[in-house]
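Note sheet for the following structure.
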Amino acid sequence: MSATATQTQTHTAAPSTPLPYSPSSQEAPLRPWKFHLDEAGAIIIAVHIIAAASLFYYTPAAKTWWLTFVSWQLGNFGVTVGIHRLWSHRSYTASLPLRFALGIMATMAFQQRIYWWAMRHRLHHRYIDTDMDPYNAKKGFWYTHIGWVYEKVHYPKMKLIDRKDLDEDIVVQLNKKYFVPLSIFFCFVAPTILGATWGDALGGFLYGGCVARVAIWHCTWSLNSFAHLLGDQPYSTEHSAKGELIVAILTNGEGHHNYHHEFPNDYRNGVKAHHYDPSKWLIWAFAKLRLAHSLITIPDAEIAKAEIQTLEQHARRMRQIAEEEDRLLWGPELESLPVWTLAEMKRLVADEGRDLFVIDGLVLDFAAFTKRHPGGEKLLTAYRGKDATKAFYGPLNNHTKSARTLLRTMRIAKVAP
Ligand SMILES: [Zn+2]
Ligand SMILES: [Zn+2]
């Protein structure tokens, strides 16, 4: 890379943050979802229907499969390398030729204008997990995956989002102005023409056009849905973003979403060398080819701090659990129990009327529990002075883990071998 800008961020762990993150743990009432269908939503439904029907009723030429794959990948990279990491986050600077190429690839994703996408995405980062987040993870999988498409919402906070860089970018502005003809051409007309060159114009339209668009959409939507639902949180538990390899594979590297939300302007989403992140590799290669520069990387020490703070949160939680454990009555330790013979126990039952039996080689005093036994008092008293191990574990009894734990509080002696 020709130049690497570094950025320092500080992170303050909130001691009271629940762990792991749970969207339902925050109480603000959610805006109810109201179905709204506009042209974009109708086109998405129509393209889905055509794509699904194509998969069942039309077998394309072998070359058309390759066209579909390339179209899908170009659109995917147009989102990840272009709309997301370049225009939404400015995580690197791209030369004009590269921006033009990425602009075309972004158009191939058929996900509205770059400007619209980037502004909503900035809102998503700024107001994550709130009603001001257009992909609010608290609203569940289907809302974050596709439900938001069928909703008309005014985001008053949008006016607070900086847009100066987008207003000044010629490629963003051209994309904004000519989005409709450009997207129709690159998403549907171009694949049809290419398919025609090997005699499969219809396959070019159905697969290179419709099936590839559906694939791109669901890959991108996975970032709003799966990446806020599945996976781990090594860098922060203060937001719902998570990290998951499968999502990274689908989204050309964007599935390392926990890191991305913690350090959004790092050009890498998969920050470790072994992380699958082809978008990161591509940007790095563009820098080597002098098509990109000023790649932003967060210093290793800052990343390590984020990881350590998250581990500290886990450790704090474990300490809380340990303290809670200490407060509870678990019953005497085995080592502290006296050793009795079976005859001694039987004598106490016969002479003193004690409610004792044996389970697992331990004498248990069940007097305080007789009336509370879910299976009835009779079943317990039937075993007074006897070994009830078989009965306790017998196939007719479904004693739970908690029942076994309760036995620990009743033990008063070990039975001599
Ligand atoms: Zn996100
Ligand atoms: Zn982002």
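A few points about this structure:
- Sequentially through region 306-312, phi angles give Karplus couplings (6.51, -1.76, 1.60; θ = phi - 60°) of 4, 5, 5, 4, 5, 5, 4 Hz, Gly and Pro residues having no value and appearing as x.
- Under 5 Å between amide hydrogens, built in the peptide plane, is the criterion, and for Ile359 it picks out Leu364, Ala388 among residues at least 5 positions away or on other chains.
- Of all lysines in the structure, the ones whose alpha carbon falls short of 18 Å from that of Lys378, not counting any fewer than 8 places away in one chain, are Lys386, Lys390.
- Using the Cβ of Ala350 as centre and a radius below 13 Å, the other residues enclosed give a net charge of +1, where K and R count +1 and D and E count -1.
- Taking Arg31, Arg354 and counting other C-beta atoms within 10 Å, the order from fewest to most: Arg31, Arg354
- Fewest-first sequence of Ser71, Ser236 by Cβ atoms within 10 Å of each Cβ: Ser236, Ser71
- P(r), alpha carbons of region 102-163 - 5 Å bins starting at zero, rounded %: 4, 17, 25, 26, 17, 10, 1
- For the chain, with +1 on Lys and Arg beta carbons and -1 on Asp and Glu, the positive-most of Leu86, Pro374, Ala403 along the dipole: Leu86
- Debye-formula intensities of the chain, expressed as log10 I(q)/I(0) at q = 0.06, 0.12 Å⁻¹, are -0.42, -0.95 (one equal scatterer per alpha-carbon, no solvent).
- Beta-bridge orientation, region 334-415: approximately 70 percent antiparallel, per DSSP, counting only bridges with both partners inside.
- Couplings 3J(HN,Hα) of region 327-336, computed from phi: 6, 8, 8, 9, x, x, 5, 4, 5, 7 Hz, in residue order, whole Hz [Karplus 6.51 cos²θ - 1.76 cosθ + 1.60, θ = phi - 60°; x for Gly and Pro].
- Relative contact order (%) - region 334-415, alpha-carbon pairs under 8 angstrom, separation at least six: 43
- Across Lys157/Lys280; Lys159/Lys280; Lys34/Lys138; Lys157/Lys305; Lys157/Lys288, pairs whose alpha-carbon gap is larger than 28 Å: Lys157/Lys280; Lys159/Lys280; Lys157/Lys305; Lys157/Lys288
- In sequence order, calculated HN-Hα J values of region 41-52 (Karplus, 6.51, -1.76, 1.60; Hz; x Gly/Pro): x, 5, 4, 4, 5, 4, 5, 4, 5, 4, 5, 5
- Among His36, His274, the order by Cβ neighbours within 10 angstrom, fewest to most, reads His274, His36.
No lab work stands behind these numbers, since they all come straight from the coordinates. What you see is a predicted model; the values in this text were computed from it and never measured. As a convention, Cβ positions derive from the backbone with ideal geometry for all residues, glycine included, and neighbour counts pool all protein chains shown.
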